[in-house]
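This report concerns only the one structure given below.
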Amino acid sequence: MSFLTVLPLAVVVAAGTKLIVAVFLASSDRPRAASLSFLAGVGLVVAAGVTASWLLTRWLGGLTADASAVAGRVDRGRLIDVVVLVLLVMLAAVVWVRRNRAGPPRWLGSVGRGDPRWALRAGVVLVVVAPTDDLTMAAVGASVARHDLPWWHLLPFVLVTVFLLALPLLALLLLGRRATRVLTALRRWAEGHAWVVNEVLIAFFALFTVLDLVRSG
């Protein structure tokens, strides 16, 4: 496994509500400042989330290795694979339950203001309170740690997540006024089809996890 294996799960974090908010911010009164603040908030939380999962898994893996040395029957890799697989099943269930939810939550207030401080808080809160994001970050960090990959292998996942959410701003910078049609299409796609893509990507990653279980058996 390499960091490329976990990259598709960046779509799960980016798609949905956060992408819709990113589209609205790109159309706000201060699109550049608001969008950059939003991206910073998301990037910081995602980086912290996957890092926490990576560190926790390595710590628990060390405890399991010590137990294995004593008992002679604890397989650290298989145990982590099972945990990751459970997280992915839970993630798929949450995505299915929330599939018909679209648009920014009411508690976000007016997205169109384009206030950078508000956008930064929104980026942080939207990741923290989303069960799909929490489960995805946990699965990504645990999977990278399970394969004994160094911390920097998490960075491409964070960067791809931020890049996907930066697409509305990039469209605005490259297309100017013509970006309205592109942003509208992007928002409609996120509202109607993001959950389908998420389920496919989760199944893809779950398949790799199952293959790891089979090989370690």
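What follows is calculated from the coordinates using simple rules that are stated; it is not laboratory data. It should be emphasised that the depicted structure is a prediction, and the values quoted were computed from it without experimental measurement. For neighbour counting, all protein chains shown are included, and Cβ atoms are generated from backbone atoms with ideal geometry for every residue, glycine included.
Okay, here's what the table says:
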read-out: Histogram of C-alpha separations across the stretch 1-64, 5 Å bin width, %; value: 3, 15, 17, 21, 16, 11, 8, 5, 3, 1, 0
read-out: Relative packing of 81-91, 150-160, which averages over residues the other C-beta atoms within 10 Å, highest first; value: 81-91, 150-160
read-out: Förster radius 22 Å - calculated FRET efficiency between Arg98 and Val210, Cβ distance, rounded to 0.05; value: 0.35
read-out: 18 Å cut-off, amide nitrogen to a point 7 angstrom out along Leu173 Cα→Cβ, residues in the stretch 34-52; value: 34-44
read-out: Potential lengthening between Leu60 and Trp151 on full extension [0.36 nm per residue; Cα-Cα distance subtracted]; value: 31.2 nm
